Structures are given as structure tokens and as C-alpha cells.
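The next block holds one structure in the form of C-alpha cells; read it before the comments.
Nothing in this text is a laboratory measurement; each read-out follows from the coordinates by a stated rule. Predicted model only: the values in this text are computed from it and were never measured. FYI the Cβ positions are ideal-geometry reconstructions off the backbone, even for glycines, and counts take in every protein chain you see.
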Amino acid sequence: MTSERKRRPVVVLIGFMGAGKSTVGRIVAGRLGVDFIDTDSELVRRDGRPIPEIFTTDGADRFREIERDVVIDVLRSHPGVIALGGGSVMTPAVADALAGHHVVYPRITADGGFARVKDSDRPLIAGDDPHLRYRELLEARDETYHRVGTMAVDAAAGDPEAVADVVIELLADTLVPERAATT
Ligand code: S3P
């Protein structure tokens, strides 16, 4: 096995804010005994500023550039489970970089997902009618999430352990040969 092969992520979680990508990702990583990384947290660690501040100071376009570079670097170097920021796959270079990876899209409803993020400081839903904005953005992105994802999982019930079960089941066929190849 080449070192390049060893550094490939086991699985990448994409999808909208409030889908539980990080919670599910952490559970999946724990069960598989691999590391977990959240690209939002990694971006904040590298940049040194919280995401709302980057949006306010540098603007959304610059945030997407910073995000693109972090995500592409993490995809190249992280061998475990990765959760991506919800808007990152809308950047074509990020969507392209996901080709060939196992990419899971946890699907939620607009009401369920919004309930989980409404009290957060996410800049994309700041403004007069955050619920409407959330619903419109989810609808606008759903097609891309389906296209970029290699597997969609129903996460509407909001039980991350159950979603993790499904993810691990879906990955089972792909994980066995990869594990065998390391021995
Ligand atoms: C965003 C989602 C957030 C974060 C930023 C922008 C988006 O990540 O990257 O606020 O455009 O959907 P989560 O999906 O982890 O909330």
C-alpha cells in the first residue's frame, strides 16, 4: 500500500447545517477506531478567527476560498472521518476533490434542521427571516448534495447513533477490503 492510499479518508460527511454531520462523524470515527476532523473547526484553528468574524470582515467569497483550501488539504491528508462545512461542496473545486471518496449525505427536513441551528451564530441564516432562509438554502443545495454524495441517509429522526449505524452498514463492503489491505 502506498502512503497516498493510507492517507485517504474512510468517509466524508456533507450536507446542510443542523444535519448532525459532526455528531454522526464523531460516532462513526469512534466505532471504527479512526480520527475525526470537522473542517469548520480546522478552518477556525488555522485562521485564528471565528467563522462569523471571517464573513463580516473578509466577506463570503473570501470565506469560501479559505474553506476550499482547508477542505482540499484535509481531504488529501486525513485518514479518518471528515465532516465538511455545509456550504463547502457548493464550491466546484471542493465537489471535484470529493470524486472517488465515500461521501455520505445525511438528509433532514427544513423544520427539523432549523430547530437545531436556530440559536447558533451561523452567518448564512442571520437576518430577518432565518427559517425561510434556511428552507430556501436547503432546497437550493439539495440537488448538489445528492450529486456529490455517494450515499444519502435519512437523518430526519435526529438520532445520530442510528444514522451512524446506517453509515457503518453502508461502508461495510468498502471497509473490509481496505482493512485487509493494511495487514
Ligand atoms: C455554512 C455552514 C457552516 C459553516 C458556515 C457556512 C453553510 O457549517 O461552514 O457557517 O454555508 O452552510 P455547518 O454545516 O457545520 O453548520
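For the reader, a short list of remarks on this structure follows.
- Most to least packed among 78-85, 145-152 [average Cβ atoms within 10 Å]: 78-85, 145-152
- Overall dimensions of the chain, expressed as equivalent-ellipsoid semi-axes from the Cα gyration tensor (√(5λ), whole Å, largest first), are 27, 20, 14.
- Across the chain, the relative contact order, built from alpha-carbon pairs under 8 Å that are at least six residues apart, equals 33 percent.
- For the range 93-137, the Cα gyration tensor yields ellipsoid semi-axes of 26, 13, 9 Å (square root of five times each eigenvalue, largest first, whole Å).
- Against the chain, whose longest principal axis is taken from its Cα atoms, helix 21-32 shows a tilt of about 20°.
- Relative to the longest principal axis of the Cα atoms of the chain, helix 130-148 runs at roughly 30 degrees.
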